[in-house]
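Notes to accompany the following structure.
Nothing in this text is a laboratory measurement; each read-out follows from the coordinates by a stated rule. Bear in mind the structure is a predicted one, so any value in this text is a computation, not a measurement. Cβ: placed from backbone, ideal geometry, glycine included. Neighbour counts: every protein chain shown.
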């Protein structure tokens with residue numbers, strides 16, 4: 001959990017984050033969370049009444065801090081999307097908890113912020129079509145299952161074929177990347193897939209999961225993407241969306257490394273690239 005505060009500190013030091021562009025979400029309303037999650041699971045997780053098996057599947061020890069973050073983060077992704085609709089680009093310094101399903105948590109994800117935000121936008125009538133473009137190294141299985149019956153939300157997951165989860169869900173579009181894939185092949189896949197999705201879906205907004213666990217040094221990644229390749233991916237996605245005047249909201253997604261400063265520097269890349277794109281929009 002410490003990476004979230006460290007990311008904020010780093011972006012402040014770089015002069016990217018300051019008072020005029022910082023927005024703090026509050027705790028999400030139950031009504032919003034219930035769009036994506038069943039009431040029984042929401043209550044059990046919040047009040048620490050999940051059984052041992054459910055906690056093991058979630059992969060995180062229950063704590064008051066976890067509860068606070070889990071209730072705020074989905075609202076942060078929704079706020080980020082609303083800001084993107086207003087300004088063209090906005091970045092959430094958390095989010096991407098795409099393994100959470102409607103009635104259980106999984107893979108370090110308690111609530112699914114991407115599904116909550118997509119359903120919140122649609123429920124509010126702010127958009128007609130949402131594209132969730134998930135480039136985390138792991139498949140967005142929870143997002144796929146929660147939104148399976150919501151045709152207005154198109155789920156696309158580009159992920160490593162031999163990675164978690166073992167049993168993949170069915171997104172609207174799944175693109176499996178071979179273990180050990182390098183920069184050139186990966187970037188060509190991302191570019192081709194994104195343009196296909198934008199042409200087919202014609203979304204009013206893109207929710208972009210910029211997971212950095214594709215990085216070659218990530219212990220849970222299994223791909224061979226360099227830092228330069230990681231930056232090029234984020235630049236490609238952001239520039240493609242802005243060139244088509246499609247609002248894009250980013251979340252940081254997965255990233256795992258005991259070297260916290262190095263991990264946070266990787267998470268900062270999407271925000272740095274978003275700042276450059278935003279400057280050109282102005």
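Rounded to the nearest 5, what is the percent of antiparallel bridges among the DSSP beta bridges in the chain?
Beta bridges within the chain, antiparallel portion: roughly 5 percent.
Listed peptides 258-264, 95-101 appear in the order 95-101, 258-264 once ranked by packing, highest mean of other Cβ atoms within 10 Å at the front. Each residue, residue 9 and residue 124, gets one label point 7 Å from its Cα in the Cβ direction; the gap between the two is 3.2 nm.
Backbone N atoms of region 187-205 closer than 11 Å to the 7 Å Cα→Cβ label point of residue 244 belong to residues 192-205. Its relative contact order, with pairs defined as Cα atoms under 8 Å and 6+ residues apart, puts region 1-150 at 24 percent.
Suppose the chain between residue 220 and residue 43 were pulled fully straight at 0.36 nm per residue; how much longer would it get relative to their current alpha carbon spacing?
On the way: separation 177, 0.36 × 177 = 63.72 nm, distance 3.06 nm.
That works out to 60.7 nm of additional length.
Taking 0.36 nm per residue of separation and subtracting the Cα-Cα distance, full extension of the segment from residue 102 to residue 62 would add 12.5 nm.
With all projection directions averaged, the alpha carbon convex hull of region 45-197 covers 9.8 nm². When you restrict to C-alpha pairs under 8 Å that are six or more residues apart and normalise by the size of the chain, the relative contact order lands at 20 percent.
A protection proxy built from the mean count of other Cβ atoms within 10 Å ranks the segments 70-82, 142-154, 34-46, 50-62, most packed first, as 70-82, 142-154, 34-46, 50-62. The Cα trace of region 2-281 gives Rg and Dmax of 17.1, 50 Å, the first to one decimal, the second as a whole number.
With R₀ fixed at 35 Å, the C-beta to C-beta distance from residue 87 to residue 188 puts the FRET efficiency at about 0.70.
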